[in-house]
Amino acid sequence: MKQQIVISGIGGQGVLFATRLIAEAAMEEGLPVLTSETHGMAMRGGTVISHVKAGPFQSPLIRPGQADAGLFLHGGNLELHRPFIREGGSLFVNRPGPAAGGGIDAARLAQDFGHPVIANLVLIGHAASRGALFCGADTLRAVLRRISPPERLDINRQGFEIGFGFEG
Amino acid sequence: MNRSERILMGNEAIGRGLVENDCRIATSYPGTPASEILSSVADFAAETGASIHTEWSVNEKAAYEVALAASYTGKRAAVSMKQVGLNVAADPVTRSTYLGTKGGLVLIVADDPGPHSSQTEQDSRMFALFAKLPVLDPSSPREAKDMTGEAFRLSEKYELPVMLRPTTRVCHARQNVDCGDPERKEVRSRFERNIPRWVATPAFLPELHRRLNEKLDRIAEEEAFHPRLVSRGGDESRRAVAASGVVFAHAAEILEGGDFSGKTDLYQVRLPYPLNRKFIGDLRKRYKEVLVLEETDGVIEMQIGSDFVKGRSTGHVPRLGELTPEIVEKILREFLGVPGEAPSAGQGKGKRPSLCPGCGHRAAFFAIRETFPKGIFPSDIGCYTLGMNFGAVDTCHCMGACISQGAGFYHAFAQDGPGFPSIVVTIGDSTFFHAGIPPLINAVSQGARFIVVILDNGTTAMTGHQPTPALGIRSDGSRGAAVPIPELVRAAGVRFLRECDPYDVECMEGILKEADRYVRSAEGGVAVVIAKHPCIVGREARKGQPVYRMSVTEECIGCKACVEDFECGALVFDPDADRVRIDGTLCIGCAVCVHACPVGAITAEGEDR
């Protein structure tokens, strides 16, 4: 199994937590994993991107046109980061409006739930329900239990399930 | 021995490597992309019960000197910093190669090709060459961890500090890495007086320099550091690629592609300086062309130095910027004559970073700019550099420079007559400790007249909230002695010192006007204002302040003054309504923005107001 995923968003949206969740899921499934993350000043509300490569890779970075899946927490990043996705790759985009072309209003769903910060997990839950990720939903659930801070665990799990159950 | 596999960030892998290899003293000053190294040492020490002194030093020079002296006692020590931090530590580093070390000393310098978060993209391997310091160049988190042990052993064998030079893409990559128990050697500190060595007046230096050169010659012959032939394919073409650092990882992955099969040999250079002598000879014998891929300058290329080498000097490799995989693919296709195109990255601009909603710095900048619409605003390095987004930062150079720049502007303008402009310098609390104190003394003693605003948020925010000396908290969370900023300012000879909370914009504007009058008075000099509000990223800080319910009334005329001049992420212009609205998911209810609306359309409600 080999899969390359980009996670794109803006600082503060939980891109790093999403990256960690997927990377730990790879290890849980016995796959080698490499990620690359954005740290530093960009984390103050600027554009950030993570690369996750599950399987036998050497470089932490994904080349344009090679990602199998893209998780976009900020629709405004599409112009910049969509070129990473290969032809036929799957795309999941947090954006308002009808759920077409991988769109899901994760921000609205998270806010309706009362916790705007879990839009990242709504998006991952949705991607998992479509079978777009190398790992099954149960692996992600198990990792989420392990890596969530105790006081956030319930909220995180529910965020994931909201996305997983989304019928767009 | 317990072994387990964990996913570690490159910086955590280095921290883990230091702990497993009996490092006893670890020092650092935070800076992206190096910041997580020291905190990982503290965390892994606590986890494994290893006894390690860890410290966030006041700056990189102090950090290096503390670690260096610890090495004199025979214990293993490590110091980590970002590449521009090495400029600050340059003085002790360059002399330490002459004098050498006792216990292993590893200097970890994180480079930032691109750059992503730095004021230069300098290549610290070039500095290593200049300082005569062996340097290891890891290509992955796993290798970075392994190299900490190799660096300690090399350092002890030759009594020489060794540099480990990861780059951003190693520091901030994550990988599954094997972790084991710490090795414990029970070394007791011991210091032997050795005046020719540890005092080393100029009379002793020629001999020390001769020995240093000898050590480097021997290291360049170390069989263990002969570059590795990783993949073959160049028998027919008589071409080879020699790569180091993460660029090696990019190249290795690209060369696995079917269309590159049988085209080239690939070598990994793990010790770029001093480059293995035999390797240079082997290349000459075996190949008609060798492409060198390395970041960010031609350190390996320069040492091979022959006309069969292709790289930066021949235009085969771009002379600046990060070598991303798509650029490496393009270079390899051209060099090896493999047809095809590497797809290019997206060309959009992305969203620029901005001060957090509710940040005290924004309030301080607003007060400064409102009070001095024609002022000159030198600033410095930290989150607050983002004041440039709304015209409150005119210069940013290197740590601490803003205070000397304030003085330089004053002396230049003062020559032209008494009506000099108001110069308002902004510097963060951690930056002030790092490099602000000598320039403040200098400005006072040279009679400069300007205002210094110390933006005191009680932490080193941008790099991940490391404590400053003012807090009296050490890197492992234990209590240290607090060093208060006001006492330092007074001791530097400053006669005008006021403190305020910048959330109270009117109060701060009053203090700034008073400061300007002092600066221009007969007895005037440097005025210091400490604008104190805790970083609101910390949960505790948020708990300690009132939360107002903010709204934008019908009075809003859609002029966007608040969006442009105040630039708070929670103030959003809605083009359909032609009005500004509050983004409730981002707003923390600080209410400072009521001052930013020229028609009073932003209102705050709450029990406290």
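Look through B:Leu266, B:Leu271, B:Leu332 and report the one residue that is crowded, with 21+ Cβ neighbours inside 10 Å and within 21 Å of A:Phe84 (Cβ to Cβ).
Numbers: B:Leu266 fails: within 21 Å of A:Phe84 (Cβ to Cβ); B:Leu271 fails: within 21 Å of A:Phe84 (Cβ to Cβ).
Checking each option against the conditions leaves just B:Leu332.
Hey, any hits in the stretch A:30-37 for a residue that's more than 17 Å from B:Arg169 (Cβ to Cβ) and more than 7 Å from chain B (Cβ to nearest Cβ)?
The answer is yes; a qualifying residue exists.
Scanning for something within 30 Å of the chain's Cα centre (by Cα) and of a type in the set (Val, Ile, Thr), does the stretch B:338-361 turn up at least one residue?
Keep residues of the stretch B:338-361 that are within 30 Å of the chain's Cα centre (by Cα), which gives B:344-361.
So of that shortlist, the ones also of a type in the set (Val, Ile, Thr) come out as none.
For the stretch B:338-361, residues within 30 Å of the chain's Cα centre (by Cα) and of a type in the set (Val, Ile, Thr): absent.
So, in the stretch A:67-97, exactly how many residues are more than 8 Å from chain B (Cβ to nearest Cβ) and not aliphatic (A, V, I, L, M)?
Qualifying residue count, the stretch A:67-97: 14.
Would you mention how many residues in the stretch B:497-544 are within 17 Å of B:Gly419 (Cα to Cα) and surrounded by 15 or more Cβ atoms within 10 Å (Cβ to Cβ)?
7
Tell me the strands (runs of 3 or more DSSP E) entirely within the stretch B:502-609 that contain at least 3 residues that are closer than 17 Å to B:Arg362 by Cβ. Give the steps one after another, and end with the answer.
Values: elements: B:527-532, B:549-552, B:571-574, B:579-582, B:602-605.
Counting at least 3 such residues, we get B:527-532.
Which residues, counting only those in the stretch B:439-479, are touching a helix residue (DSSP H, G or I) at 6+ places or on another chain (Cβ under 9 Å), farther than 22 Å from B:Ala515 by Cβ and surrounded by fewer than 15 Cβ atoms within 10 Å (Cβ to Cβ)?
Across the stretch B:439-479, the qualifying residue is only B:Gly477.
Looking only at the stretch A:45-64, which residues are in contact with a Cys (Cβ under 9 Å, 6 or more places away or on another chain) and at the interface with chain B (Cβ under 7 Å from one of its Cβ atoms)? Outline the logic, then answer.
Within the stretch A:45-64, the subset in contact with a Cys (Cβ under 9 Å, 6 or more places away or on another chain) is A:45, A:54.
A:Gly45, the sole residue that qualifies.
Being within 11 Å of chain B (Cβ to nearest Cβ), in contact with a Cys (Cβ under 7 Å, 6 or more places away or on another chain) and not in a loop (DSSP other than H, G, I, E, B) narrows it down to one residue among A:Ala42, A:Ala25; which is it?
Values: A:Ala42 fails: in contact with a Cys (Cβ under 7 Å, 6 or more places away or on another chain).
Only one candidate passes the filter, namely A:Ala25.
Out of the residues in the stretch B:292-313 that are part of a loop (DSSP other than H, G, I, E, B) and of a type in the set (S, T, N, Q), state the one that is farthest from the chain's Cα centre (by Cα).
First, pick out the residues of the stretch B:292-313 that are part of a loop (DSSP other than H, G, I, E, B): B:294-298, B:305-308, B:311-313.
This time we only want the ones that are of a type in the set (S, T, N, Q), so: B:296, B:306, B:313.
Values: B:Thr296: 16, B:Ser306: 35, B:Ser313: 28 Å.
Applying the filter and picking the extreme gives B:Ser306.
What residue, among those in the stretch B:107-134 that are among the small types (Gly, Ala, Ser) and within 14 Å of another protein chain (Cβ to nearest Cβ), is surrounded by the fewest Cβ atoms within 10 Å (Cβ to Cβ)?
B:Gly114
Which one of these does B:Ile368 not meet: (1) part of a helix (DSSP H, G or I); (2) of a type in the set (Val, Ile, Thr); (3) closer than 24 Å to A:Phe84 by Cα?
For B:Ile368, the failing item is (3).
Quick check, is B:Val393 within 14 Å of chain A (Cβ to nearest Cβ), modelled with pLDDT of 95 or more and either under 18 Å from B:Val529 (Cβ atoms) or surrounded by fewer than 17 Cβ atoms within 10 Å (Cβ to Cβ) (or both)?
On the way: within 14 Å of chain A (Cβ to nearest Cβ): yes; modelled with pLDDT of 95 or more: yes; either under 18 Å from B:Val529 (Cβ atoms) or surrounded by fewer than 17 Cβ atoms within 10 Å (Cβ to Cβ) (or both): yes.
Here the answer is yes, as B:Val393 does meet what is asked.
Checking the conditions here, which among B:Val563, B:Val547, B:Val494 is surrounded by 19 or more Cβ atoms within 10 Å (Cβ to Cβ) and either without any contact (Cβ under 8 Å) to a residue 24 or more places away in the chain or not basic (Lys, Arg) (or both)? Steps first, answer last, please.
Numbers: B:Val563 fails: surrounded by 19 or more Cβ atoms within 10 Å (Cβ to Cβ); B:Val547 fails: surrounded by 19 or more Cβ atoms within 10 Å (Cβ to Cβ).
Selected residue: B:Val494, the only one of B:Val563, B:Val547, B:Val494 that is surrounded by 19 or more Cβ atoms within 10 Å (Cβ to Cβ) and either without any contact (Cβ under 8 Å) to a residue 24 or more places away in the chain or not basic (Lys, Arg) (or both).
Counting just the residues of the stretch B:135-151 that are in a helix (DSSP H, G or I) and surrounded by 24 or more Cβ atoms within 10 Å (Cβ to Cβ), which one comes out nearest to the other protein chains (Cβ to nearest Cβ)?
Of the stretch B:135-151, the ones in a helix (DSSP H, G or I) are B:141-151.
If we keep only those that are surrounded by 24 or more Cβ atoms within 10 Å (Cβ to Cβ) as well, we get B:141, B:143-145, B:147-148, B:151.
Values: B:Pro141: 8, B:Glu143: 11, B:Ala144: 12, B:Lys145: 14, B:Met147: 16, B:Thr148: 19, B:Ala151: 22 Å.
The selected residue is B:Pro141.
Hey, any hits in the stretch B:307-323 for a residue that's over 29 Å from A:Leu61 (Cβ atoms) and either within 12 Å of chain A (Cβ to nearest Cβ) or among the charged types (D, E, K, R) (or both)?
The answer is yes; a qualifying residue exists.
Please determine whether any residue of the stretch B:108-128 is part of a helix (DSSP H, G or I), within 21 Å of B:Glu223 (Cα to Cα) and out of contact with any strand residue (DSSP E or B) (no Cβ under 9 Å at 6 or more places or on another chain). It would help to see each step written out before you state the result.
Residues of the stretch B:108-128 that are part of a helix (DSSP H, G or I), as a first pass: B:124-128.
Retained after the next criterion (residues that are within 21 Å of B:Glu223 (Cα to Cα)): B:125, B:128.
Still in the running and out of contact with any strand residue (DSSP E or B) (no Cβ under 9 Å at 6 or more places or on another chain): none.
Checking the stretch B:108-128: not a single residue is part of a helix (DSSP H, G or I), within 21 Å of B:Glu223 (Cα to Cα) and out of contact with any strand residue (DSSP E or B) (no Cβ under 9 Å at 6 or more places or on another chain).
Look through B:Gly337, B:Gly350 and report the one residue that is out of contact with any Asp or Glu (no Cβ under 8 Å at 6 or more places or on another chain) and away from chain A (no Cβ under 14 Å). So that I can check it myself, show each step before the final result.
On the way: B:Gly350 fails: away from chain A (no Cβ under 14 Å).
When all the criteria are applied, what remains is B:Gly337.
The values are calculated or read from the model by the stated rules, or taken from the named source; none is laboratory data. Small disclaimer: the values here were computed from a predicted structure and weren't measured. All Cβ positions, even for glycine, are placed from backbone atoms using ideal geometry, and neighbour counts span all protein chains on display.
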